[in-house]
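What follows is calculated from the coordinates using simple rules that are stated; it is not laboratory data. Predicted model, so just to flag it, every value in this text is computed and none were measured. So basically every Cβ, Gly included, is an ideal-geometry build from the backbone, and we count neighbours across all protein chains shown.
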Amino acid sequence: MNKILMITLIVVVCALFIYFILIPYAVTPLILKIFWEQPLEQKHQDEANLESVQNTVEGLSEKIIYVANRGGKDSINSSFVATWNVNSLEDSISVIFISKTSKVALDAGWISFTQGATCPPSAGILGIDSPSVICVKAESKNNQIEITYKLWFRELDGHKISLENVGKEKSSSVKSIFIEKSSGEITTIDISLIE
């Protein structure tokens, strides 16, 4: 009888230990880390990546406009994984990447980040409108979100910044973008994707 009582007591103590010590202090934090913290960390990383892409596209726009107005050359670095595409026919640069989060509604088409502009952009008024328009769209693809930022240059009262691709038209390993004003009467900017 003493043996049965002793075994029962050991089982009860072990159960109490598991219930009050092991689960709250060892198992629960592990479960929280796996199911709560890792997705939250991924979300924060994706949000930081989104911010980085947007800042790079905005910076690229400013640098192209500066070089177009003043001449010379400049460059901007890319610190994120994305596919870059320079389209000389529509004077645009696209940045496409995969994310788990988005700043814009999914599958809603192009949304302009440039006040008063449409996507694709229509002509504007020189001295009032920006020569560039930044648009973004987010599309559902295989349980992920494909986000595309597109920098367009539009005509302003007969004046337009034209983009000329120098080198690769498309690349998924861009480290920097080189910008240089071409010589001539038409404002043409040479764009080089540097891997």
For the range 122-186, average projected area of the Cα convex hull in nm²:
6.6
Rank-order 94-102, 66-74, 117-125 by packing density, defined as the average count of other C-beta atoms within 10 Å over each peptide's residues, highest first.
94-102, 117-125, 66-74
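Count the net charge of all other residues whose Cβ sits under 10 Å from the Cβ of GLY167, scoring Lys and Arg as +1 and Asp and Glu as -1. Please list the in-between numbers first.
Details: positive: LYS168; negative: GLU169, ASP190, GLU195.
Taking every Cβ under 10 Å from that of GLY167, the sum is -2.
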Interchain or sequence-distant (5+) residues whose placed amide H lies within less than 5 Å of the amide H of LEU163 are ASP91, ILE189
For every other residue with a beta carbon closer than 14 angstrom to the beta carbon of GLY59, add +1 if it is Lys or Arg and -1 if Asp or Glu, then tell me the sum.
-3
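Count the net charge of all other residues whose Cβ sits under 15 Å from the Cβ of ARG154, scoring Lys and Arg as +1 and Asp and Glu as -1. If you can, show how the numbers build up before the last one.
Numbers: positive: LYS150, LYS160; negative: GLU90, ASP91, ASP129, GLU155, ASP157.
Summing Lys/Arg as +1 and Asp/Glu as -1 gives -3.
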